[in-house]
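Shown next, in structure tokens, is the structure this report addresses.
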Amino acid sequence: MKKIVVAIDGYSSCGKSTTAKIVAKELHYAYIDTGAMYRAVTLYFLDHYIDLTNPKKINQALSEIHITFERNAKTQRNEVFLNGLNVEDEIRKMYISNKVSEVSVIPEVRHCLVKQQQKMGKKRGVVMDGRDIGTTVFPDAEVKVFMTADVYTRAKRRQEELLEKGEMVPIDEIIQNLQKRDHIDSTRKESPLMQAPDARLLDTTFITIDEQVDFVLEQVAAQI
Ligand code: C5P
């Protein structure tokens, strides 16, 4: 059967990664969480006090960063490793969410990660979620879905995810973070967050994860 690229882009906390993970499992495809890569770079930059206005230091730091995804046999989850260290839980914390969009605007960071993502999906057979997959990383993706949802619904979902990991964050703080990230992501010069002209729009405010998955799988079925 023909292997394709499934690109799932959209605003923060619309259910992109939950949907993408299930779709990848159904298709026996690899799942690549590109947001996790930007988060891992952010963690490294914070840990090493990298000056975000100094391109030389940024390039040097990027050359020291090695990001991989490994499957956790116990949880069956794909987890992110930064230079061999499991950072899956650390990168989801609020202090990373508060900084990641500032790091993601940096052209050197984008060039470096886009190149790695293109390499990961070269053989196709991948489901990739992010902000610029359908526009920049794989403009030739066979399936492109762009997700959106009401900000309050998104914040409630993110709050529950954080709570499951033991971090209690007030809803107002999460709404502020989502709106700030959406704004920075949509207005940056380099590969801004936007719907590709050939992407199908999916509003997830009132639909279940199963319905989101079905929507994507229907697009896939039409292509393979
Ligand atoms: O998907 P997630 O919320 O984990 O992404 C974190 C941040 O990483 C986004 O707010 C955005 O700033 C950045 N990002 C990006 N391009 C991608 C994926 C994520 O700029 N393809």
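Throughout, read-outs are computed from the coordinates displayed, never taken from laboratory work. Just so it is clear, the structure is predicted and the values come from calculations on it, not from any experiment. In this analysis, Cβ positions are derived from the backbone assuming ideal geometry, glycine residues included, and neighbour counts consider all displayed protein chains.
Taking 190, 142, 160 in turn, the Gaussian network model of the chain (Cα-Cα springs below 10 Å) assigns the largest fluctuation to 160. Here is the P(r) of the chain: all C-alpha pair distances, binned every 10 Å from 0, give 8, 34, 40, 17, 2 in whole percents. Amide hydrogen proximity for residue 188: with H placed 1.01 Å from N in the peptide plane, the residues at 5 or more positions away or on another chain lying under 5 Å are 193. Each of residue 85 and residue 3 was given a label point 7 Å from its Cα along the Cα-to-Cβ line. The distance between the two points is 3.3 nm.
Counting only residues at least eight positions apart within a chain, or on another chain, the lysines with an alpha carbon under 24 Å from that of residue 3 are 16, 21, 25, 115, 119, 122, 123, 144. For the range 5-218, the dipole from Cβ point charges (+1 on Lys and Arg, -1 on Asp and Glu) about the Cα centre works out to 560 debye, to the nearest 20.
Partners of residue 2 within straight-line reach, counting aspartates and glutamates whose Cα lies under 18 Å from its Cα and excluding those fewer than 8 residues away in the same chain: 26, 140, 142, 218.
Close amide H contacts of residue 202 (hydrogens built in the peptide plane, cut-off under 5 Å, sequence separation of 5 or more or a different chain): 146, 147, 148.
Bridging of residue 165 to lysines at a Cα separation below 18 Å is possible for 74, 93, 156, once same-chain residues fewer than 8 apart are set aside.
The trypsin sites (Lys or Arg not before Pro) found in the range 1-90 that occupy coil by DSSP, while having at most 16 further C-beta atoms within 10 Å, are 2, 3, 74. In terms of the Cα gyration tensor, with a ≥ b ≥ c the square roots of its eigenvalues, is the range 103-224 rounded because a/c is under 1.5, prolate because a/b exceeds b/c, or oblate? Here the range 103-224 falls in the oblate category. Rounded to the nearest Hz, the phi-derived 3J(HN,Hα) couplings of the range 59-72 under the Karplus curve 6.51 cos²θ - 1.76 cosθ + 1.60 (θ = phi - 60°) are 4, 4, 5, 4, 5, 9, 9, 10, 10, 9, 10, 10, 7, 8, where x marks glycine and proline.
With R₀ fixed at 22 Å, the C-beta to C-beta distance from residue 180 to residue 64 puts the FRET efficiency at about 0.20. Here is the list for the range 172-215: trypsin sites (Lys or Arg not before Pro) lying in DSSP coil, each with at most 14 other C-beta atoms within 10 angstrom of its C-beta, are 189. Derived scalar couplings between HN and Hα for the range 27-42 equal 8, 6, 9, 7, 10, 10, 8, 6, x, 4, 5, 5, 5, 5, 5, 4 Hz in order, rounded to whole Hz, by the Karplus curve 6.51 cos²θ - 1.76 cosθ + 1.60 (θ = phi - 60°), x for Gly and Pro.
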